[in-house]
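*Asks:* Below is the structure I would like to discuss, written out as structure tokens.
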Amino acid sequence: MAKAVNDENFESEVLNCKVPVLVDFWADWCGPCKILSPIIDELSTLTDDKAKVVKLNVDESPQTSAKYEITAIPTTILFENGKETVVKTGVFPKSEYLNMLGL
């Protein structure tokens, strides 16, 4: 299962991470987010030490969501060395996310 991050630990868990981090911005009430959730959870088990996959609930972490201008969910952002490198909004096949992570 993908680790949950929030406004308080986003910097340490995502921005300061030494490996690429895929962040799933989601909410409980979002239908497409529920479709994406098992894919994200599976990805988190496939990355080993090469990358990290986490989830951020936009309702519970409004500061981080606003900072990255999340206006539609699900949105996934790949962070490398603390910088956004790829942004995707919507649900895509698992292969798309694996490509984002270079796996």
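The values are calculated or read from the model by the stated rules, or taken from the named source; none is laboratory data. Source: prediction; values computed, not measured. Neighbour counts are summed over all protein chains in view; Cβ atoms, including those assigned to glycine, are modelled from backbone coordinates with ideal geometry. Heads up: the accessible areas ignore ligands, DNA and RNA and are worked out on the full protein's heavy atoms, side chains in. Shrake-Rupley method; radii C 1.70, N 1.55, O 1.52, S 1.80 Å.
*Asks:* With the full set of protein chains in place, find how many percent of the accessible area of the chain is carbon and sulfur; take the probe as 1.4 Å.
*Replies:* Numbers: 2840 of 5560 Å².
So the carbon and sulfur contribution to the accessible surface is 51 percent.
*Asks:* Taking the chain as a whole, which cysteines find no other cysteine Cβ under 4.7 angstrom from their Cβ?
*Replies:* Within the chain, the cysteines lacking a partner Cβ under 4.7 Å are 17.
*Asks:* Per residue, how large is the accessible surface of the chain? Use a 1.4 angstrom probe and give square angstrom.
*Replies:* Roughly 54 Å² per residue, with all protein chains present.
*Asks:* Still on this model: What does the C-alpha gyration tensor say about the overall shape of region 12-103? Classify as rounded when a/c is under 1.5, otherwise prolate if a/b is larger than b/c, or oblate.
*Replies:* Oblate, since a/c reaches 1.5 and b/c is not below a/b.
*Asks:* How many nm is it between the label spots at residue 95 and residue 45, if each spot is 7 Å from the Cα in line with the beta carbon?
*Replies:* Roughly 2.2 nm, to one decimal.
*Asks:* Give me the distance in nm between label points sitting 7 Å out from Cα along the Cα-to-Cβ direction at residue 86 and residue 15, one decimal.
*Replies:* 2.3 nm
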